[in-house]
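As structure tokens, the structure follows; a few thoughts come after it.
The values are calculated or read from the model by the stated rules, or taken from the named source; none is laboratory data. Everything quoted here is computed from the prediction, not taken from an experiment. Here the Cβ positions follow ideal geometry from the backbone for every residue, glycine too, while neighbour counts run over all protein chains shown. Please note that ligands, DNA and RNA were not included when accessible areas were found on the heavy atoms of the full protein model with its side chains. Shrake-Rupley method; radii C 1.70, N 1.55, O 1.52, S 1.80 Å.
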Amino acid sequence: MRIHVGCEMHYELAQPTPMIFMVTIHASRVSDLERPDFLVTTPSVPVEGYRDSFGNWCNRLVAPAGRFMVKTDTIVRDAGTWDAFDVEAYQAQVQHLPADTLQFLLGSRYCETDRLTEAAWKLFGKTPLGGARVQAVCDYVHDLIEFGYQHSRATRSAAEAFEEKRGVCRDFAHLAITLCRCLNIPARYCAGYISDIGLPPPYAPQDLAAWIEVFLGGRWHMFDPRNNDPRIGRILIAYGRDAADVPLAMTFGPHKLVEFRVTTEQVAEQAAQAP
């Protein structure tokens, strides 16, 4: 399956402004790209790429004053299969976890484990260990939080989402991550593209999305507390401890985002041409 993905952001800037973008597809999917998803700007400015501490690809630049646009665009070759949630994956004891997973047990900016540990064990302490426990967390978060773009708030933490019971996909992810960490399951925040391929219409406006990965059975497994059902064409851009590590755009100065578009759609296979 070929999936066309990309995003486009238009800004109004009052002055030259340093910016960092994290919108190119993660290195784990680079071999699936038909062409590189380079960051393109209008007007053209020098762009410097680097990898952050998690291995995500970042682009830094200085945007000129006035109207400024950044865009990425590519076609991804995907297996075209539905997500699989492995509820049978086993849970290792903390002392047996790889050292590089331990940071994903700790509290972070939006995931206050100290505030939710008691609630986590009260809610899930008697559930089966491993994937089944993670799925129980995702079921709970999915049912607890009312989704709505009108509920979006950049400062909302997991504990606040738990209390307010409303939010957007990042709030679902933060709460599920926090509850998993409280239960001694390493969990990290993921951002990327999710398609509506294979789903019946009507379709919601396309947007970048957040989900989680948990470390079980010796590897990372994907779970999606926001949708809580399988999707086709889930394409990772970046991961970190929470959304503070995975900002799609960081702007170091006054700015106004005037337009934001995301594309995730299946591309018809080209018919073979006769020799």
Practice task
Of the conditions (1) under 16 Å from the mean Cα position of the chain (by Cα); (2) under 30 Å from Arg67 (Cβ atoms); (3) open to solvent by 30 Å² or more (accessible area, probe 1.4 Å); (4) at pLDDT 95 or above, Thr263 clears all except one; give me its number.
Solution key: (4)
Fill in the blank from the handout: In region 201-230, anything aliphatic (A, V, I, L, M) and either in a loop (DSSP other than H, G, I, E, B) or closer than 14 Å to Val168 by Cβ (or both) is listed as Ala204, Leu208, Ala209, Ala210
Handout entry: Residues located in region 38-68, provided they are out of contact with any helix residue (DSSP H, G or I) (no Cβ under 9 Å at 6 or more places or on another chain) and open to solvent by less than 30 Å² (accessible area, probe 1.4 Å)
Key = Leu39, Thr41, Val45, Cys58, Asn59, Leu61, Ala63, Gly66, Phe68
Fill in the blank from the handout: In the set Val30, Val76, Val62, Val70, the lone residue that is modelled with pLDDT under 95 and not in a loop (DSSP other than H, G, I, E, B) is Val30
Exercise for the section: Kindly list, by first and then second residue, each pair from a residue in region 244-256 that is on the phi > 0 side of the Ramachandran plot to a residue that is crowded, with 16+ Cβ neighbours inside 10 Å, limited to pairs with Cβ atoms under 8 Å and residues at least 6 apart or on different chains. Expected result: Gly253/Leu13; Gly253/Thr17
Handout entry: In region 103-150, residue surrounded by the most Cβ atoms within 10 Å (Cβ to Cβ) [restricted to those that are polar (S, T, N, Q) and outside any helix (DSSP H, G or I)]
Key = Ser108
Practice task
Taking only region 214-233 into account, find how many residues are of a type outside the set (Gly, Ala, Ser) and surrounded by 21 or more Cβ atoms within 10 Å (Cβ to Cβ).
Solution key: 7
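Let's see how each residue does on (1) outside any loop (DSSP other than H, G, I, E, B); (2) in contact with an Asp or Glu (Cβ under 9 Å, 6 or more places away or on another chain):
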| residue | (1), (2) |
| --- | --- |
| His10 | yes, yes |
| Gln15 | no, no |
| Ile25 | no, yes |
| Gly49 | yes, no |
| Cys58 | yes, yes |
Handout entry: Matching entry among Asp73, Asp100 (being open to solvent by 30 Å² or more (accessible area, probe 1.4 Å), over 18 Å from Ser157 (Cα atoms) and in contact with a strand residue (DSSP E or B) (Cβ under 7 Å, 6 or more places away or on another chain))
Key = Asp73
Fill in the blank from the handout: Arg35 passes all but one of the listed conditions (1) closer than 26 Å to Ile194 by Cβ; (2) open to solvent by 80 Å² or more (accessible area, probe 1.4 Å); (3) not in a loop (DSSP other than H, G, I, E, B); (4) not acidic (Asp, Glu); the exception is number (3)
Practice task
Quick one: count up the residues across region 163-200 that are under 21 Å from Asn56 (Cα atoms) and part of a helix (DSSP H, G or I).
Solution key: 5
